[in-house]
Amino acid sequence: MVYTAHMQEIPINTVTSANVVLELIYRLKIKDVMSTALITATKETTMREIQQIMRQERITGLPIVMGKRLIGLVSMDDIIQALDKGYIEEKAQDHMSSNLIILEDDMPISFAINYFDRYRYHRFPVLNKDKELVGMITNRDITNALLIEINREVEELEKRSHRVEGGIISEEMYTYYIMQNDFENAGHASTEIKKRLKSASIAPQIVRRAAIASYELEMNMVVHSTGGRLIAKYDANELTITAADSGPGIEDVDAALEAGYSTASEWIRSLGFGAGMGLPNVQSVADAFDITSSPKGTTVTVTITLASGEENDNER
Amino acid sequence: MNVEELTTVKEFEALYIADKDQIIADGYCGDLLSDVMANAPASCVLMTIQAHKNTIAVASLVGISALVICNGRTVAPDMLEAAREEEISLFTTDLNHFEAAAKVLALLGGGDAGTR
């Protein structure tokens, strides 16, 4: 089997183009996109039977397996050869292609896009870490997944551009994706939240509290988690910020809520983070605060009441 | 005072001035960004050694008007870029936080630190 791990061209500019699409093709994994309803044959299956399966199922290639192990692939081209050379009644084992190019289920779909460009195949088998066949991926699978995701992103953009500047907030929700160790973009979500509140003329002190909570939560995910999402949900009275990451969880939540407790590395500390003030800061600015953590991930939910009133503007 | 007055401190080198008329009402010193986040007053000038773009993000979020990067630390190009984007004035100095703060305090009107 040929396995090529290096990244190569994808058909859009990776330096200056819109981040949304780039982010998508790195965020979406092959396992999110591939079809898992596998139709397979064994090496004992005849080429004739395979041809019939292909016709019935309207597919152009069939993986040949032993248990969960992929041992070959019979393509339409192999069938044409078999018909042409008169061995259509023979078993797959002698005529399947066994020099296969495969993808792994954990790879981002950017790999798949690149493979379709580089090799002229219509489908690639997908293996998991244990080298078991878990799916097949076609260009169509990728197109569909991208259309759905791009549609979702555009919906958010449209929602954002339609809202009235300076207007009162109605129900709105935004999701920001936070990558592990992505100090480069850290603060993006918080900045967006701040701008949104400012445009709704929320009192500066409340905006500041929302900014502090979202920034600390965002930073926590950058520094400590394997990545996650920050969701900002607005309604007329309150802002709910949910930070949900995918692990590895906080071992001692009570300790993490104490000022000065930190598990950050020296490097993180040298950047001015990881002083053990993150969660305590969040807690102190929140009107409501909730945290749950397990090795599968940590979720922090913070509510900030937007209705001003007593809090007067003594800044500036 | 305003940002323009900071340019009168001969030890401060201005890398970027967002708005020379912007009000500076207070000062703060800190290298722990979580502490800056929690405690720096709005419209202040921040003395810090954190010469990277995350400092700009923090400054923007809490409404800090200007940064003075102390101890002769080199400002990363992307920090300067971020300062332009977020319109936060950026200075460098060879002075340490204490010395720089003393200059700022003099401009703010003397020895009374409680200007808030």
Average projected area [Cα convex hull, the range B:42-87], square nanometres: 2.7
Shape category assigned to chain A from the gyration tensor of Cα positions, a/c cut at 1.5: prolate
Among A:H122, A:G72, A:L24 the positive-end extreme of the charge dipole of the range A:19-143 (Cβ point charges): A:L24
Long-range amide H partners of B:R73 with built H, under 5 Å: B:T93
C-alpha long axis of helix A:109-118 to longest principal axis of chain A, angle in °: 40
Accessible area (Å², per residue) of chain A, counting only protein heavy atoms and a probe of 1.4 Å: 53
Ellipticity estimate at 222 nm from DSSP helix runs (n ≥ 4, -39,500 (n - 2.57)) divided over chain A, nearest 500: -11000 deg cm²/dmol
Alpha carbon centroid spacing (whole Å) that separates the range A:78-134 from the range A:203-270: 44
Peptide B:56-64, shielding by other chains (average Cβ, 10 Å cutoff): 6
Rg over Rh [alpha-carbon atoms, Kirkwood Rh] for the range B:3-108: 0.90
Share of carbon and sulfur in the accessible heavy-atom surface of the range A:19-143 [1.4 Å probe, %]: 47
Shielding by other protein chains, A:269-280, mean Cβ within 10 Å: 5
Top of A:I30, A:I241, A:I268 by mean-square fluctuation, Gaussian network on chain A, Cα under 10 Å: A:I268
Kirkwood Rh in Å, taken over the range A:163-305 so that all alpha-carbon pairs contribute: 15.2
Average accessible area per residue (Å²) across chain B - probe 1.4 Å, nucleic acids and ligands excluded: 42
Coil-residue chymotrypsin sites (Phe, Trp or Tyr not before Pro) of the range A:37-135, DSSP, other Cβ within 10 Å capped at 14: A:Y119
Chain A: most fluctuating residue of A:G72, A:G86, A:G187 per GNM, C-alpha cutoff 10 Å: A:G86
Accessible area buried between chains A and B, both sides summed, probe 1.4 Å, in Å² to nearest 100: 1900
The range A:239-253 - phi-based ³J(HN,Hα) in whole Hz, Karplus 6.51/-1.76/1.60, Gly and Pro as x: 10, 10, 10, 10, 10, 10, 10, 9, x, x, x, 9, 5, 10, 5
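The values are calculated or read from the model by the stated rules, or taken from the named source; none is laboratory data. Only a predicted model underlies this, so the values are computations on that prediction, with no experimental measurement involved. With ideal geometry, Cβ positions are generated from the backbone for all residues, glycine too; neighbour counts draw on all protein chains shown. For accessibility, only protein heavy atoms count, side chains too; no ligands or nucleic acids. Shrake-Rupley method; radii C 1.70, N 1.55, O 1.52, S 1.80 Å.
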